[in-house]
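> What follows is a structure written as C-alpha coordinates; I'll ask about it next.
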Amino acid sequence: GDLKFGIALDQPPEGWVLSNPADAKQVMADLVAGHLAQLDGKATWLADSRLPLSSDGAVRLKVSNRAVDAPVNGLLYHPKNLVIGIGCERGASGDEALELALQSLAQAGLSPASVGLVASIDVKADETAVHYVASHFGCPARFFDAPTLEAETPRLKHPSDIVFAEVGCHGVSEGAALAAVGAAGDLIAEKLKS
(Lines give C-alpha, C1' and ligand atoms only; values in the text may rest on other atoms or scores of the structure.)
Protein backbone atom coordinates (compact mmCIF):
# COMPACT_ATOMS: atom_id res chain seq x y z
CA GLY A 1 0.00 0.00 0.00
CA ASP A 2 2.80 2.42 0.85
CA LEU A 3 4.35 1.84 -2.57
CA LYS A 4 1.08 1.89 -4.53
CA PHE A 5 -0.30 5.07 -2.97
CA GLY A 6 2.91 6.75 -1.82
CA ILE A 7 1.59 7.20 1.70
CA ALA A 8 1.77 5.29 4.98
CA LEU A 9 -1.64 5.72 6.60
CA ASP A 10 -0.36 4.35 9.90
CA GLN A 11 2.41 6.97 10.04
CA PRO A 12 0.89 10.42 9.57
CA PRO A 13 3.26 13.36 9.12
CA GLU A 14 4.45 15.49 12.02
CA GLY A 15 1.62 17.51 13.49
CA TRP A 16 -0.93 14.72 13.04
CA VAL A 17 -2.07 11.83 15.26
CA LEU A 18 -3.80 8.64 14.12
CA SER A 19 -6.48 7.85 16.68
CA ASN A 20 -7.01 4.19 15.76
CA PRO A 21 -3.72 2.73 14.47
CA ALA A 22 -4.91 -0.86 14.98
CA ASP A 23 -7.34 -0.35 12.07
CA ALA A 24 -4.74 0.96 9.60
CA LYS A 25 -3.68 -2.43 8.26
CA GLN A 26 -7.26 -3.41 7.32
CA VAL A 27 -7.96 0.00 5.79
CA MET A 28 -4.84 -0.19 3.66
CA ALA A 29 -5.72 -3.76 2.61
CA ASP A 30 -9.20 -2.57 1.55
CA LEU A 31 -7.69 0.24 -0.50
CA VAL A 32 -5.17 -2.07 -2.17
CA ALA A 33 -8.08 -4.42 -2.97
CA GLY A 34 -9.73 -1.61 -4.95
CA HIS A 35 -12.05 0.12 -2.47
CA LEU A 36 -12.37 3.89 -2.73
CA ALA A 37 -11.72 6.24 0.17
CA GLN A 38 -13.85 9.17 1.30
CA LEU A 39 -11.97 12.08 2.88
CA ASP A 40 -14.07 13.76 5.58
CA GLY A 41 -12.27 16.95 6.63
CA LYS A 42 -9.20 18.82 5.41
CA ALA A 43 -5.77 17.26 5.21
CA THR A 44 -3.57 18.27 2.29
CA TRP A 45 -1.23 15.34 2.88
CA LEU A 46 -4.16 12.94 2.28
CA ALA A 47 -5.87 14.95 -0.49
CA ASP A 48 -2.62 15.28 -2.46
CA SER A 49 -1.70 11.61 -2.14
CA ARG A 50 -2.36 8.90 -4.73
CA LEU A 51 -5.16 7.43 -2.61
CA PRO A 52 -8.30 6.63 -4.64
CA LEU A 53 -10.54 9.34 -3.18
CA SER A 54 -14.24 9.59 -3.95
CA SER A 55 -17.19 11.35 -2.31
CA ASP A 56 -18.90 7.97 -1.91
CA GLY A 57 -15.88 5.86 -0.92
CA ALA A 58 -16.49 2.86 1.33
CA VAL A 59 -13.35 3.54 3.36
CA ARG A 60 -13.62 6.71 5.48
CA LEU A 61 -10.65 8.88 6.34
CA LYS A 62 -11.91 11.35 8.93
CA VAL A 63 -10.00 14.46 9.99
CA SER A 64 -11.11 16.30 13.11
CA ASN A 65 -9.86 18.07 16.22
CA ARG A 66 -13.18 17.19 17.87
CA ALA A 67 -13.63 14.37 20.40
CA VAL A 68 -15.35 11.97 18.01
CA ASP A 69 -15.30 8.22 17.46
CA ALA A 70 -13.26 6.72 14.66
CA PRO A 71 -15.42 5.82 11.66
CA VAL A 72 -16.41 2.24 11.03
CA ASN A 73 -14.16 0.89 8.26
CA GLY A 74 -11.93 3.92 8.44
CA LEU A 75 -9.31 5.98 10.21
CA LEU A 76 -9.52 9.09 12.38
CA TYR A 77 -6.74 11.67 12.20
CA HIS A 78 -6.37 14.53 14.67
CA PRO A 79 -4.43 17.61 13.54
CA LYS A 80 -2.35 19.07 16.37
CA ASN A 81 -3.86 22.52 15.79
CA LEU A 82 -5.13 23.45 19.25
CA VAL A 83 -3.37 25.73 21.73
CA ILE A 84 -4.01 25.69 25.46
CA GLY A 85 -3.29 28.98 27.19
CA ILE A 86 -2.37 28.81 30.87
CA GLY A 87 -2.09 31.47 33.53
CA CYS A 88 -1.34 30.36 37.08
CA GLU A 89 -0.13 31.38 40.50
CA ARG A 90 3.50 30.77 41.39
CA GLY A 91 3.95 27.13 42.45
CA ALA A 92 0.56 26.02 41.10
CA SER A 93 -0.17 22.30 41.01
CA GLY A 94 0.55 20.64 37.68
CA ASP A 95 -2.26 18.16 38.32
CA GLU A 96 -4.73 20.99 38.92
CA ALA A 97 -3.62 22.83 35.75
CA LEU A 98 -3.91 19.62 33.74
CA GLU A 99 -7.35 18.88 35.18
CA LEU A 100 -8.56 22.33 34.08
CA ALA A 101 -7.05 21.88 30.61
CA LEU A 102 -8.75 18.49 30.17
CA GLN A 103 -12.03 19.88 31.52
CA SER A 104 -11.87 22.79 29.08
CA LEU A 105 -11.26 20.44 26.14
CA ALA A 106 -14.10 18.15 27.22
CA GLN A 107 -16.57 21.02 27.64
CA ALA A 108 -15.71 22.29 24.17
CA GLY A 109 -15.94 18.77 22.68
CA LEU A 110 -12.30 18.84 21.57
CA SER A 111 -9.84 15.97 21.39
CA PRO A 112 -6.79 16.07 23.69
CA ALA A 113 -4.87 14.47 20.81
CA SER A 114 -5.17 17.75 18.86
CA VAL A 115 -3.28 19.85 21.42
CA GLY A 116 -0.13 21.02 19.68
CA LEU A 117 1.05 23.81 21.97
CA VAL A 118 0.72 25.15 25.51
CA ALA A 119 1.19 28.92 25.83
CA SER A 120 1.64 31.40 28.67
CA ILE A 121 3.34 34.66 29.64
CA ASP A 122 7.15 34.82 29.72
CA VAL A 123 7.30 35.37 33.49
CA LYS A 124 5.89 31.81 33.78
CA ALA A 125 8.62 30.26 31.60
CA ASP A 126 10.00 28.44 34.64
CA GLU A 127 6.60 27.47 36.05
CA THR A 128 6.38 23.71 36.61
CA ALA A 129 2.60 23.54 36.08
CA VAL A 130 2.86 24.94 32.53
CA HIS A 131 5.58 22.46 31.57
CA TYR A 132 3.67 19.63 33.26
CA VAL A 133 0.64 20.28 31.03
CA ALA A 134 2.80 20.54 27.90
CA SER A 135 4.55 17.29 28.80
CA HIS A 136 1.20 15.53 29.26
CA PHE A 137 0.16 16.49 25.73
CA GLY A 138 3.62 15.78 24.29
CA CYS A 139 3.94 19.28 22.90
CA PRO A 140 6.14 22.34 23.43
CA ALA A 141 5.39 25.30 25.66
CA ARG A 142 5.71 28.81 24.24
CA PHE A 143 5.90 32.05 26.19
CA PHE A 144 4.98 35.61 25.19
CA ASP A 145 5.86 38.96 26.74
CA ALA A 146 3.17 41.14 28.33
CA PRO A 147 2.94 43.66 25.44
CA THR A 148 2.25 40.80 23.00
CA LEU A 149 -0.52 39.47 25.25
CA GLU A 150 -1.91 42.97 25.83
CA ALA A 151 -2.31 43.35 22.05
CA GLU A 152 -4.87 40.52 22.22
CA THR A 153 -7.12 42.40 24.72
CA PRO A 154 -9.85 43.24 22.14
CA ARG A 155 -10.30 39.50 21.47
CA LEU A 156 -10.42 38.38 25.13
CA LYS A 157 -13.67 37.04 26.59
CA HIS A 158 -12.62 37.89 30.16
CA PRO A 159 -10.21 40.85 30.33
CA SER A 160 -9.09 41.58 33.88
CA ASP A 161 -7.79 44.78 35.41
CA ILE A 162 -6.43 42.70 38.31
CA VAL A 163 -4.31 40.63 35.91
CA PHE A 164 -3.17 43.84 34.21
CA ALA A 165 -2.01 45.25 37.56
CA GLU A 166 -0.08 42.04 38.28
CA VAL A 167 1.64 41.31 34.94
CA GLY A 168 0.93 44.15 32.51
CA CYS A 169 -1.70 42.54 30.29
CA HIS A 170 -5.45 42.03 30.62
CA GLY A 171 -5.37 38.25 30.18
CA VAL A 172 -2.76 35.53 30.27
CA SER A 173 -4.50 32.26 29.39
CA GLU A 174 -6.80 33.61 26.69
CA GLY A 175 -4.20 36.14 25.49
CA ALA A 176 -1.47 33.50 25.18
CA ALA A 177 -3.74 31.13 23.26
CA LEU A 178 -4.75 33.90 20.87
CA ALA A 179 -1.19 35.17 20.43
CA ALA A 180 -0.07 31.65 19.56
CA VAL A 181 -2.75 31.03 16.93
CA GLY A 182 -2.44 34.47 15.36
CA ALA A 183 -5.02 36.75 13.79
CA ALA A 184 -6.63 33.94 11.78
CA GLY A 185 -7.27 31.83 14.89
CA ASP A 186 -10.17 31.99 17.29
CA LEU A 187 -10.78 31.48 20.99
CA ILE A 188 -12.76 28.22 21.07
CA ALA A 189 -13.22 27.90 24.81
CA GLU A 190 -13.30 30.58 27.46
CA LYS A 191 -10.92 30.30 30.39
CA LEU A 192 -11.68 28.10 33.36
CA LYS A 193 -10.19 28.82 36.73
CA SER A 194 -9.85 27.22 40.11
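> Considering only protein heavy atoms and a 1.4 Å probe, what is the carbon-and-sulfur percentage of the accessible area of the stretch 110-194?
With neighbouring chains kept in place, the figure for the stretch 110-194 is 55 percent.
> May I ask you to order 33-39, 94-100 by the average number of other C-beta atoms within 10 Å around their residues, highest value first?
94-100, 33-39
> Can you show me the helix-derived [θ] at 222 nm for the chain, built from DSSP H runs with n ≥ 4 at -39,500 (n - 2.57) apiece and divided by the number of residues, rounded to the nearest 500.
Computed mean residue ellipticity for the chain: -8500 deg cm²/dmol.
> Let me ask something additional. Mind ranking 127-133, 50-56 by how tightly packed they are, going by the mean number of other C-beta atoms within 10 angstrom, highest first?
127-133, 50-56
> Within the chain, how many Lys pairs that are eight or more residues apart, or on different chains, come under 15 Å at the alpha-carbon?
For the chain, the number of qualifying lysine pairs is 6.
> A further question follows. Nearest 5 is fine: what % of DSSP beta bridges in the chain come out antiparallel, could you say?
So the antiparallel bridges amount to about 20 percent of the total.
The values are calculated or read from the model by the stated rules, or taken from the named source; none is laboratory data. Predicted model only: the values in this text are computed from it and were never measured. As a convention, Cβ positions derive from the backbone with ideal geometry for all residues, glycine included, and neighbour counts pool all protein chains shown. These area figures cover heavy atoms from the full protein model, side chains too; ligands, DNA and RNA do not enter into them. Shrake-Rupley method; radii C 1.70, N 1.55, O 1.52, S 1.80 Å.
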